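Heads up, the thing below is written out as structure tokens.
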Amino acid sequence: MAENIRVRFAPSPTGDLHVGNIRTALFDWAFARHTGGKFIFRIEDTDKERVTDEYIQRAIDTLKWLGLNWDEGPEVGGPNGPYLQSERLHIYKEWADKFLASGAAYHCYCSAEELEAERERQRQANVAPGYGGTCRNLSNDLIEKYKNEGRKPVVRMRMDDGVTTFVDEIRGEVSFDHKFVPDFVLMRADGSPLYTLAVAVDDVLMKVTHILRGEDLLSSTPRQIQVYKAMGLTPDKYPTFAHLPFVMGQDNAKLSKRNGEVSIAWYREQGYLPEAICNYLALLGWSPGDDKEDISMQELVELFEVKDVHSSPARFDMKKLEAINGDKIRALSPEEFLIRALPFLKDAGVIKGADAEINLVKKALPIIQERIVKLGEIPAMLKFLFVHELVIEADSKEKIKDDQSKQVLKRALEVLEPLSVWNHDSIEGALRTALIDEMGLKPRIAFGAVRIAATGSHISPPLFESMELLGKEASISRVKAAISL
């Protein structure tokens, strides 16, 4: 393994970062931390129409929220910046000019119409599509003719004959025949760089030693290596590549950032914990062994090895993520659970943040901590405690309009009103005696109507603890209101 390991995460945030992005960032971060190397965060933002300042900031915020701290990059700086590609355009221009001067690249004057006609001929001949090298060796007279016509050339890299072979840390030896890797564009006619130029130049100048990235970029590797060669690197100085397996959905289709449900922002809004997301994503293509699934960030750092990443696609399982998230929620201390819960309650308008409200939330959280899998469930579970006039959900209201439910509520009222001690034990004792022992009802029937009356829903935190928190006056008032429906 090389000394002074340096890995980079280099998203092009045209929207919120998604599962695939973050799995890559997580593996980059874990590898850097495991080896004592550096984690570089670089933004590929040359496409200014799609990569906005807002998306860049959201990418920064997402990595911070997940705890994936970087050693060099935006807001941190470093000796190899700038770390936004839009601030490095002069660097790409300098290298494109060097390639032109050395003959490693050439100006291509082919028009869009000519290129499309070439692609159509290739389709008709059923041959692999690609640039045929029309402008590889233009005469000076022809170059002058194109210039006089006002044609603006692109800069195109000259691919060598032969084969590119490299060892991928996950897939082993990989080879690409150059007859399937035609000369490729480095810079557009307007002077803006393409990905293959910018990414390769940045990786060399930022001294990146290992590139962990998605399998979808595997085919671009011979182009990057061609740029390395043109920059004067020898094979022993090339970065080491490791192409991570695809993340597939339950329908066996590759997850896409255009699917809003795979956006990390969506999971954050729903109430998934950052440590749960990292725990689950770590298991998509990698395993610590021994069927271990509960992984802390520290354990990930200690155990992560690139050689243990699988080459086969990983399947994203929402139910497994929910299970891990629920386990992480149950593991939170009361103080930490309160800190995580309050923003959801405030954002939902359930509380404003008064001391009395927060004190009630503190008392209520222990009774739901074992029952939720997402923080986003908390407002619906606890809102009944903070409303003066309870609105019973429509489907629940229908469940307490029958004669039996009315009799249950009336009998519950008769035994609850005389209670001098109002706690969950006294409430449970009174209701069990009256509704189960005396009326002979099953618990689901006996307590279902009281639950709806007190909380407004047939799904709620534990009934007796809920009524204790609600208080005697409010509980009695709600039972009376339900009887009159």
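Numbers at a glance
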{"item": "Criterion violated by GLU49 - all others in (1) open to solvent by less than 10 Å² (accessible area, probe 1.4 Å); (2) over 21 Å from the mean Cα position of the chain (by Cα) satisfied", "result": "(1)"}
{"item": "One residue from GLY191, GLY214, GLY130 being touching a residue at least 24 places away in the same chain (Cβ under 8 Å) and touching an Asp or Glu at 6+ places or on another chain (Cβ under 9 Å)", "result": "GLY130"}
{"item": "Matching residues in the range 460-484 - criterion: being closer than 18 Å to GLU414 by Cβ and in contact with a Lys or Arg (Cβ under 8 Å, 6 or more places away or on another chain)", "result": "LEU463, ILE483"}
{"item": "Residue within the range 252-259 that is at pLDDT 90 or above and either open to solvent by 20 Å² or more (accessible area, probe 1.4 Å) or among the aliphatic types (A, V, I, L, M) (or both) present", "result": "no"}
{"item": "Answer residue from the range 18-36, given it is of a type in the set (A, V, I, L, M, F, W, C) and open to solvent by less than 10 Å² (accessible area, probe 1.4 Å) and is modelled with the lowest pLDDT among those", "result": "VAL19"}
{"item": "Residue ID - nearest to the chain's Cα centre (by Cα), chosen from residues in the range 54-111 that are hydroxyl-bearing (Ser, Thr, Tyr) and surrounded by 15 or more Cβ atoms within 10 Å (Cβ to Cβ)", "result": "THR62"}
{"item": "Scan of the range 200-218 for residues that are outside any helix (DSSP H, G or I) and either more than 27 Å from HIS310 (Cα to Cα) or under 19 Å from the mean Cα position of the chain (by Cα) (or both), ordered by number", "result": "MET206, LEU212, ARG213, GLY214"}
{"item": "Filtered residue count, the range 349-378, keeping only those that are open to solvent by 30 Å² or more (accessible area, probe 1.4 Å) and touching a residue at least 40 places away in the same chain (Cβ under 8 Å)", "result": "8"}
{"item": "Looking only at the range 444-461, and only at residues there that are of a type in the set (A, V, I, L, M, F, W, C) and open to solvent by 50 Å² or more (accessible area, probe 1.4 Å), the one that is farthest from LYS406 (Cα to Cα)", "result": "ILE459"}
{"item": "Selection status of LYS292, charged (D, E, K, R) and surrounded by 12 or more Cβ atoms within 10 Å (Cβ to Cβ)", "result": "no"}
{"item": "Hey, GLU377 under 13 Å from ALA453 (Cα atoms) and out of contact with any helix residue (DSSP H, G or I) (no Cβ under 6 Å at 6 or more places or on another chain) or not", "result": "no"}
{"item": "Every residue from the range 399-425 that is of a type outside the set (D, E, K, R), open to solvent by 30 Å² or more (accessible area, probe 1.4 Å) and under 49 Å from the mean Cα position of the chain (by Cα)", "result": "TRP422, ASN423, HIS424"}
{"item": "Only listed residue being in contact with a Leu (Cβ under 8 Å, 6 or more places away or on another chain), under 27 Å from GLY249 (Cβ atoms) and of a type in the set (Phe, Trp, Tyr), chosen from PHE384, PHE316, PHE337", "result": "PHE316"}
{"item": "Residue count for the range 175-199, restricted to those that are over 21 Å from CYS110 (Cα atoms) and in a strand (DSSP E or B)", "result": "3"}
{"item": "Unmet criterion (only one of (1) open to solvent by 30 Å² or more (accessible area, probe 1.4 Å); (2) modelled with pLDDT under 95) for LEU441", "result": "(1)"}
{"item": "Residue list for the range 426-437, restricted to those being open to solvent by 30 Å² or more (accessible area, probe 1.4 Å) and touching a residue at least 24 places away in the same chain (Cβ under 8 Å)", "result": "GLU428"}
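One line per residue, one yes/no per condition, for (1) in contact with a Lys or Arg (Cβ under 7 Å, 6 or more places away or on another chain); (2) open to solvent by 20 Å² or more (accessible area, probe 1.4 Å):
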position: TYR146; (1), (2): no, yes
position: GLU149; (1), (2): no, yes
position: ARG156; (1), (2): no, no
position: VAL163; (1), (2): no, yes
position: GLU169; (1), (2): yes, yes
position: GLU173; (1), (2): no, yes
position: ASP183; (1), (2): yes, no
position: TYR195; (1), (2): no, yes
position: ALA198; (1), (2): no, no
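The values are calculated or read from the model by the stated rules, or taken from the named source; none is laboratory data. None of the values given here were measured: they were computed from a predicted structure. FYI the Cβ positions are ideal-geometry reconstructions off the backbone, even for glycines, and counts take in every protein chain you see. Accessible surface areas use protein heavy atoms only, side chains included; no ligands, DNA or RNA. Shrake-Rupley method; radii C 1.70, N 1.55, O 1.52, S 1.80 Å.
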